[in-house]
Amino acid sequence: MAIDGFDDAARERLSALADGQLDSAAVAASCAAFHRDPQLRADWHAWHLIGDVLRSEDLASDPRHDRAFGAQLRSRLSAEPVVLAPAASTSDLSARAPSERGRRGRWTAAGAVAAGVVMVVGTFALVRPDASPPAARIARAEIPAATVVSAPGPAPAADVQPVAIVAGSQLIRDAQLERYLEAHKQFAGTSALGVPSAFLRSATVDSAAR
Amino acid sequence: MNAPDADAPLVERVKQGDVKAFEMLVVKYQRRIERLIGRMVRDVDLVPDIAQETFIRAYRALPQFRGDSAFYTWLYRIAVNTAKKSLMELKRDPLVTESARASRDEDDDNPRVENEPSDAATPDAVLASKQIASAVNFAVEALSEDLRQAITLREIEGLSYEEIAELMNCPIGTVRSRIFRAREAIAARLRPLLDTRDGDRW
């Protein structure tokens, strides 16, 4: 049913897309056409139904059922937040995307490692209050070094540095850490972080429950 | 078929926020997914619900889909897990059984909601799918040899355009147009069965 030549070309492209044989630049346009044109949506369904039936007759289905299924799913999808995976960058950028992604990945990794070091050192200072003055000193000495490793962003140092403040031999937890612990409840309820508490606490909870 | 996943371009579009591209994948796979679930779950009323849940879960999980397997393989796994989970919930909460649903429907004087999937097993639906199957077979028989070979190699053998071009000894552009024309010809025969009286459209 050739309405006009232009229309047929759009439908032939959709047919190629159904087979995964449309070059990526044309895919977006074809999806947009599908979005606009009910005829293309009907074609898309008919072609896939035909393919299914050719492969196996028991896949023949009542088109009314298919349509109802699609309508219900569309309404459910409209309630979903739109999926976005920016790492899989747009097709026209795909030529340079891998190197960019690689670079970003590497910096992210470096940052994560640095944050990890800071975290471990900070925790070390926290869990050994008896040794805290020297430990804290080590922590403070280590953090700038770790930051140098993570290089480009000066931000992490300022954020992460005051993990623990040691006044004399007293241990004072900072507000940021409190919020962190609040969010990670497995540590909550342990007023004294001086002991490796997570394990001990789960034991007491267990025995109390029995 | 070892060719790259035919769904990859659409999956990419979904990852860029194109919900319509996901709907295209749903239209493509809904029948296969429902058949798969139908083999696992006896209650036919539950099949569309579980299939819906499968697609919603797939949509949510799509950013994590890395393309290590074909999209359909991945979707298949989600369908199996969703069906298993529903079966377990059914055991725990046996109220949601076929009979419970049936009696609830009887109490209800109102006809079914328009967009609720109709029961796949009604005689009407069975007849409709039989008509579709025979119309497709009839239409394929009526195709010219070139068109029939092209659509068969694509849909049944799962070959790529390049492989079909090699087998049929013609340019890839010709393969593309033959497959399109074959689909058009078959769809034209199906149209009376596909067109809707109730006016709802794709």
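Please treat every number below as a calculation from the coordinates, not as lab data. The structure presented is a predicted model; accordingly, all values stated were derived computationally and were not measured. Virtual Cβ from ideal backbone geometry, glycine too; neighbours counted across all protein chains shown.
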Quiz item: Using alpha carbon centroids, what distance separates region A:49-82 and region B:1-45, in Å?
Solution: 9 Å
Self-check item: Ascending count of other beta-carbon atoms within 10 Å, so fewest first, for B:Phe55, B:Phe138
Solution: B:Phe138, B:Phe55
Practice problem: Just rank B:Asp7, A:Asp7, fewest to most, by other beta-carbon atoms within 10 angstrom. | Solution: A:Asp7, B:Asp7
Quiz item: Using the 10 angstrom Cβ neighbour count as an exposure proxy, how do B:Leu153, A:Leu73 rank, fewest first?
Solution: B:Leu153, A:Leu73
Quiz item: Fully extended, how many nm does the chain gain between B:Phe138 and B:Arg60 (0.36 nm per residue separation, minus their Cα-Cα distance)?
Solution: 24.1 nm
Self-check item: Spin-label model distance (nm) - A:Glu57 vs B:Val126, 7 Å beyond Cα toward Cβ
Solution: 1.5 nm
Self-check item: Student exercise, region B:19-89 dipole from Lys, Arg, Asp, Glu Cβ charges, in Debye to nearest 20
Solution: 260 debye
Quiz item: Karplus couplings for region B:135-148 from phi (6.51 cos²θ - 1.76 cosθ + 1.60, θ = phi - 60°), rounded to Hz, Gly and Pro as x?
Solution: 5, 5, 4, 4, 5, 5, 4, 7, 6, 5, 4, 4, 5, 5
Quiz item: In whole Hz, what ³J(HN,Hα) sequence does region B:33-44 give by Karplus (6.51, -1.76, 1.60; θ = phi - 60°), x for Gly and Pro?
Solution: 5, 5, 5, 4, 5, x, 6, 9, 10, 6, 6, 4
